[in-house]
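Laboratory data are not the source of any read-out in this text; all were calculated from the coordinates shown. Bear in mind that the values here come from a model prediction, so they are computed numbers and not experimental data. Every residue, glycine among them, receives a Cβ derived from its backbone with ideal geometry; neighbour counts consider all protein chains shown.
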Amino acid sequence: LDMHIKLKKALEKNEFKLYLQPQISYKQGIPTLVGAEALIRWETSEGIMFTPDKFIPISENNGMIIPIGEWILDEILHIHQQLKDNNILIKLAINISTKQLEVCSFFSKIEEVMTLAAAQELMLEMEITESFLLDDIHGARKTIQEIQRYGIKIALDDFGTGFSSLNYLTRLPIDYLKIDKSFIDDIASDEQKSIVPYIISMAQALNIQTIAEGIETQEQMQKLADYGCSEMQGYYWGKPMPLETFISFAQQFK
Ligand code: G
Ligand code: G
Ligand code: MN
Ligand code: NA
């Protein structure tokens, strides 16, 4: 059936859910819960769970990413309020599709949400991908600055997987680099060839924070800590989980 209609119905029936994956800062052997990345799931009324790879690319093509993206911003306010009620004060990161950055309504939505959020001290981060930066660096710079005016931080997702020109890093006011999982996978086994320590040094020189993604083992975690990576995210620390689970998960860091 037509996915456009299906996704519209799913939104009306409130079938989307944001899972949270912990982001940890690990210093002197002490892990601190500093943030969470929100990752969307679609649970149909028949109880079938779809991961975003099954519907986000489609929603980007048929335009449904715009209302879905607005729903995510509204939902983040609810999540943040509930975390706050449980004394969990962390930053929240959401994924933004390039398509969303191309429509004006996205910026009025940010304005609306950040006005409401001011009262509840929301620390929000938006993860964008390289595809957005490449064709028009001046346009990208303006867009990033417009978002940052609301106090939102910008993270560059999947860093290192695209056709990146390192040039743009010096020319764009990026707050965080998310080092892609593919670089973390062999960090512990194949240290000689790893470029991860150089990515971290470069980011430090440019005053950009680093988050490593896809940490699955203690060895990877320790290597990253030795390299001075600011933050870590991966199954080793915790999988994406529903809000209720995340709230109990967070207790161990208190
Ligand atoms: O666990 P995971 O399957 O959640 O995520 C797979 C991919 O889907 C990731 O590349 C992630 O960036 C993307 N993704 C997850 N949630 C969202 C979302 O809310 N919006 C957008 N645009 N992409 C998302
Ligand atoms: O937005 P992004 O492309 O960074 O999406 C993160 C994706 O990586 C999600 O699909 C999430 O479920 C997945 N992920 C997060 N941590 C791990 C991990 O430690 N191992 C694996 N295999 N996947 C992970
Ligand atoms: Mn992401
Ligand atoms: Na990523």
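Calculated over region 65-238, the projected area of the Cα convex hull averaged across directions stands at 10.5 nm². DSSP beta bridges fully contained in the chain are about 45 percent antiparallel. Stokes-Einstein diffusion for region 195-246 at 20 °C, viscosity 1.002 mPa s, with a Kirkwood radius from C-alpha pairs, works out to 181 µm²/s. Using Cβ point charges alone (K and R +1, D and E -1), the dipole size of region 65-238 about the Cα centre works out to roughly 480 debye. Amide H to amide H distances under 5 Å link Glu127 with Ile94, Asn95, Ile96, Ala155, where only residues 5 or more positions off or on other chains count and H is placed in the peptide plane. If I build a Gaussian network model for the chain, linking alpha-carbon pairs within less than 10 angstrom, which residue out of Gly234, Gly162, Gly35 has the largest mean-square fluctuation? Of Gly234, Gly162, Gly35, the Gaussian network model singles out Gly162 as fluctuating most.
3J(HN,Hα) couplings calculated from phi for region 66-81 with the Karplus curve 6.51 cos²θ - 1.76 cosθ + 1.60 (θ = phi - 60°) are, in sequence order, 5, x, 5, x, 5, 4, 4, 5, 5, 5, 4, 4, 5, 4, 4, 4 Hz; Gly and Pro show x. In terms of its C-alpha gyration tensor, region 1-152 has an oblate overall shape, because the principal axis ratio a/c (a ≥ b ≥ c, square roots of the eigenvalues) is not below 1.5 and a/b does not outweigh b/c.
Dipole orientation for the chain: of the candidates Ile58, Met114, Pro22, Met114 has the Cα lying most toward the positive pole (charges on Cβ; Lys, Arg +1; Asp, Glu -1).
Across region 71-90, the residues whose backbone nitrogen lies under 12 Å from the label position 7 Å along the beta-carbon direction of Glu121 are 84-85, 87-90. Backbone geometry of region 30-40 corresponds, through the Karplus equation with coefficients 6.51, -1.76 and 1.60 at θ = phi - 60°, to 3J(HN,Hα) couplings of 10, x, 10, 7, 10, x, 8, 9, 7, 10, 6 Hz, x marking Gly and Pro. Considering only Leu224, Ile174, Ala188, and ranking their Cα positions along the charge dipole of region 153-254 that arises from unit charges at the beta-carbon of Lys, Arg, Asp and Glu, the one farthest toward the positive end is Ile174. Between Met3 and Ile48, full extension at 0.36 nm per residue minus the direct alpha carbon distance yields a gain of 14.7 nm. Taken over the Cα atoms of region 10-83, the convex hull encloses 121 Å³ per residue. Here Lys9 is the anchor, and the aspartates and glutamates within straight C-alpha reach of less than 20 Å, apart from those fewer than 8 places off in the same chain, are Glu43, Glu46, Asp53, Glu60, Glu70, Asp74, Glu75. Of Ile152, Ser45, Gly69, which is farthest on the positive side of the dipole of region 28-172, counting Cα position, with +1 on Lys and Arg Cβ, -1 on Asp and Glu Cβ, and the Cα centre as origin? Highest projection toward the positive end goes to Ile152. For the cross-link pairs Lys153/Lys181; Lys54/Lys153; Lys8/Lys239; Lys6/Lys99, which exceed 25 Å when the distance is taken from alpha carbon to alpha carbon? Check vs 25 Å cut-off fails for Lys54/Lys153; Lys8/Lys239.
Along its principal axes, region 124-216 has C-alpha extents of 42, 26, 22 angstrom, given from the largest down.
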